[in-house]
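Colleague: One structure follows; several queries about it will come next.
The values are calculated or read from the model by the stated rules, or taken from the named source; none is laboratory data. Just so you know, these numbers come straight off a predicted model, no measurement behind them. For neighbour counting, all protein chains shown are included, and Cβ atoms are generated from backbone atoms with ideal geometry for every residue, glycine included. Accessible surface areas use protein heavy atoms only, side chains included; no ligands, DNA or RNA. Shrake-Rupley method; radii C 1.70, N 1.55, O 1.52, S 1.80 Å.
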Amino acid sequence: MNSTYQAPRRLIKTADEIEKMRVAGRLAAEILDLIKAHIKAGVSTLELDQICYNHIVNVQQAIPACLGYGAAPGRPAFQHSICTSVNHVVCHGIPSESKLLKNGDILNIDVTVIKDGYHGDTNMMYIVGEGSVLANRICKVAQEAMYRGMEVVKPGNTIGDIGHAIQKYVESERFSVVREYCGHGIGTVFHDDPQVLHYGQPKTGMVLEEGMTFTIEPMVNAGVWQTRLLGDKWTVVTKDHKLSAQYEHTILVTANGLEVLTARPEEDLSRFTA
Ligand code: MF3
Ligand code: CO
Ligand code: CO
């Protein structure tokens with residue numbers, strides 16, 4: 001049985017589309033950079049959301065993709081421009097006036113912008129003031145998990161190779177990988193095929209080809225991998241209420257490796273080749 005398959009041709013971007021993805025990716029990365037100066041004890045996650053909204057709409061003249069996104073039967077659309085996920089919140093945390101950051105919190109900000117019809121999607125962790133040893137370690141491990149997945153991106157490798165590299169690394173650190181949420185193809189569609197699972201088996205799933213764009217966004221838990229959805233139908237928390245951390249980049253598969261479309265200026269990406 002052949003457990004790999006070829007992607008539909010529509011997932012391969014043209015040179016024009018890739019140029020637009022680069023622009024959108026750069027704008028998304030810029031938001032994570034600029035919000036850093038505002039993250040301190042006492043600030044509310046709603047204030048952070050408002051700063052991002054203003055910059056995306058007024059300065060970048062782009063569209064916050066999360067605002068108004070994702071209405072479904074029994075679930076309202078998301079009403080904010082960023083997700084703010086603090087401590088045991090795994091993802092999709094809703095910015096709120098009453099959620100004030102405090103010293104030692106770990107915060108993930110996830111932002112997606114649409115520019116000229118194309119999406120750029122990225123997230124990262126911030127530590128408020130001084131974090132515990134565990135807080136610092138889980139953030140580092142989540143970032144390294146994303147990088148381990150990125151390292152195996154090149155034509156001929158598979159989506160399963162990415163998941164396997166991430167899972168192997170995270171479990172070797174005695175943390176766990178969230179199963180219910182995954183990376184995704186991205187372009188004019190926010191959440192497109194393929195699903196990029198952050199666990200799995202080598203040499204399985206879709207074969208990577210030059211010109212594909214997708215996200216890698218592992219969520220790493222300090223305890224069990226299981227999650228629970230809160231009554232607001234968005235906020236995802238760890239089942240055991242232990243810490244969770246996540247990093248996300250939007251990447252382009254190139255001839256020999258990948259290009260990070262949401263790279264930030266200060267980020268060391270020297271281990272990756274395009
Ligand atoms: N940016 C998230 C992702 O990485 C999706 C957030 S959807 C929202 O795919 F509606 F919660 F904002
Ligand atoms: Co995202
Ligand atoms: Co994403």
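Colleague: Which of Pro95, Ile31, Gln60 sits farthest toward the positive end of the charge dipole of the chain, with +1 on the Cβ of Lys and Arg and -1 on the Cβ of Asp and Glu?
Modeller: Highest projection toward the positive end goes to Pro95.
Colleague: With a 1.4 Å probe and all protein chains kept in place, how do Trp234, Trp225 rank by accessible area, largest first?
Modeller: From most exposed to least exposed: Trp225, Trp234.
Colleague: Next question, about the same structure. Cα-based Rg of segment 13-260 per 2.2 N^0.38 Å, rounded to two decimals? Working shown, then result.
Modeller: Working: Rg = 17.1 Å, N = 248, 2.2 N^0.38 = 17.9 Å.
Its radius of gyration relative to the 2.2 N^0.38 Å reference: 0.96.
Colleague: Give the relative contact order (percent, whole number) for the chain; include only Cα pairs under 8 Å separated by 6+ residues.
Modeller: Reported as a whole number, the value is 22 percent.
Colleague: Given the protein chains as shown and a 1.4 Å probe, how many square angstrom of Tyr69 are accessible, to the nearest 10?
Modeller: Ignoring ligands and nucleic acids, Tyr69 comes out at about 80 Å².
Colleague: Binning every alpha carbon pair distance of segment 44-186 at 5 Å from zero, what are the percents per bin?
Modeller: It works out to 2, 8, 15, 19, 18, 17, 13, 6, 1, 0, in whole percents.
Colleague: For the chain, what are the DSSP H helices with axial Cα length of 30 Å or more and mean Kyte-Doolittle hydropathy of at least -1.0? Please report the intermediate quantities before stating the final value.
Modeller: On the way: long enough: 15-35 (31 Å, 0.35).
Helices meeting the span and hydropathy rule in the chain are 15-35.
Colleague: Here's a follow-up. Which entries of Lys36/Lys168; Lys40/Lys239; Lys102/Lys242; Lys36/Lys102 show an alpha-carbon separation above 22 angstrom in the structure shown?
Modeller: Lys36/Lys168; Lys40/Lys239
Colleague: Restricting to Cα pairs below 8 Å that are 6+ residues apart, what does the relative contact order work out to for segment 1-83? Please round to a whole percent.
Modeller: Relative contact order here is 18 percent.
Colleague: In debye, nearest 20: dipole of segment 13-260 around its Cα centre with unit charges on the Cβ of K, R (+) and D, E (-)?
Modeller: 640 debye
Colleague: Which one, Tyr169, Thr158, Ser270, projects farthest toward the positive side of the charge dipole computed for the chain from Cβ point charges (K/R +1, D/E -1)?
Modeller: Tyr169
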